[in-house]
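Presented below is the structure to which this report refers.
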Amino acid sequence: MIYSAPHILCNSQTLIKDGALLIKSGQIADVGTLNEIRSAYPLEQVNRFDNAVMLPGLINAHCHLELTLLQNKIEPGPDFASWIRTLVDLRRRWNKSVFHHSMQRGLDALIQSGTTTVVDISSQHIYEPLLKAPLRKLACFEVFTLDANESVRSMGALETLLAMIEEDEFFKAGVSPHAPYTVAPELYGLCADLAQKQQRLLTTHLAETKAEIEFLASGQGPLRELYQSLGYDMSAYQAPRKTPAQYIYESCQNAPRILFAHGTYLAESDFALLQKHGAAVVYCPRCTHEYFKHPQHPWKRMQAAGIPVCLGTDSLASNFSLSLRDEIDYLIKRHPEENPNAFWTMATETAAEAIGMGALAGKLEKGFYADFGVWELCESAFSYNAIGALQHSFVSGQKIK
Ligand SMILES: [Zn+2]
């Protein structure tokens, strides 16, 4: 099958006018102009999209689909500890079938907005709805405890779960120690060993709030109060007196590539540490600035320091939609000085690299997955400003929207 459109953006550098993709067995078998592809493969049927541009499918590198039903349930605001407190209270009332329903709603929203690959984090270790969803999923199972003994037990449970799961090119499992303020050094170490040994994605929240920096530095502040209000005995807690990034890397002897979510308050002096270990950062713009009201995010300085930065939405407990296009549009408005190409690239090829799929996804090139969006183009010449609504979305050459 040949798919053709007036414009195909194959990657951040290459735009083909009157382009065409030849799709075979879910992969892109050839790319070129429609004339070239049609004459090379005269027997193939041509499927033409008029007034449209084909772009690589969007990759959401940080999401918690199980929280989708919390949309509009927690007021936006800068008090992160009270946000967690409310989240924990609301979630406590849910049974497994509510989590499943919530995740399914999230999957539907991703498909409708052009996401073709998602990194999902589940604290409840829910993944069944992901299996049936027609996009690519990296299901990362969350673990957290500040207790060394409990760390061993929770890793045992996670290993049992991972051994049971059947993976394929649409569904892979990863490991997600929650965050430096909820994860013991032992647990970070065990997660890193497992990710290294089983070649799994390792993702964790990092330097999301000033409260986290304070808790790691002194053991004090709003996060200590949160623990106490949830009934934890914090008398034995010894603050590591490190930055969150130092804490993680000193806990992991075998640090694989880590995908860090947020990094909003990552110390400039830690940029080199991330760069040295080949880490990437997921920036969730509207969650950061519109929901939690953080004024700045150092994404631009991270990029300059050689740290790849990709995009995520986080969950609907702290965002307004699960549409990466909405995140891109928000960044274009916030940064009129930037070329919009930068933001589309963060949501496609940079993200694919960051999650270990750089040779298969994020670009429309020969040998890559046939994962693409067909977007209305409001003018005859291509420009990022002319990209309109999503018309169709394809994964492995199959129409999912
Ligand atoms: Zn998150």
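Each value in this text was obtained by applying a stated rule to the coordinates, not by laboratory testing. The model shown is predicted, which means the values in this text are computed figures rather than measured ones. Ideal geometry is used to build each Cβ from the backbone, glycine not excepted, and the neighbour counts take in all protein chains shown.
Hey, any idea what the orientation-averaged projected area of the convex hull of region 284-371's Cα atoms comes to, in nm²?
Its Cα hull, projected and averaged over all orientations, spans 6.3 nm².
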Problem set entry | Hz values of 3J(HN,Hα) by residue in region 26-43 - Karplus curve (6.51, -1.76, 1.60), Gly and Pro given as x | x, 10, 7, 8, 6, 9, x, 6, 4, 4, 4, 5, 5, 6, 6, 10, x, 8
Exercise. Assuming R0 = 22 Å, what is the FRET efficiency of His101 and His178, from their Cβ-Cβ distance, to the nearest 0.05?
Worked result: 0.40
For this session: Figure the gain on full extension for Lys73 and Glu159 (residue separation times 0.36 nm, minus the Cα-Cα span) and round it to one decimal in nm.
Result: 27.6 nm
For this session: Give, in nm to one decimal, the length gained when the segment between Asn47 and Gln238 is fully stretched (0.36 nm per residue of separation minus the Cα-Cα distance).
Result: 62.5 nm
Exercise. By how many degrees, 0 to 90 and rounded to 10, does the Cα axis of helix 80-92 deviate from the longest principal axis of the chain?
Worked result: 80 degrees
Seminar exercise, completed: Taking only the Cα positions of region 94-170, the convex hull volume per residue in Å³ is 104 Å³
For this session: Report P(r) for region 58-354: all Cα-Cα distances, bin width 10 Å, range 0 to the bin holding the largest distance, values in whole percent.
Result: 6, 29, 39, 23, 3, 0
Exercise. Based on the Cβ-Cβ distance from Gln220 to Asn149, what FRET efficiency comes out when R0 is 22 Å, to the nearest 0.05?
Worked result: 0.35
Seminar exercise, completed: The extension gain from Ala386 to Lys132, computed as 0.36 nm times the residue separation minus the Cα-Cα distance, is 88.0 nm
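Report relative contact order for the chain in percent, whole number only (criteria: Cα-Cα under 8 Å, sequence separation at least 6). Write down the numbers at each step before the final one.
On the way: 874 pairs, mean separation 88.8, N = 401.
Rounded, it is 22 percent for the chain.
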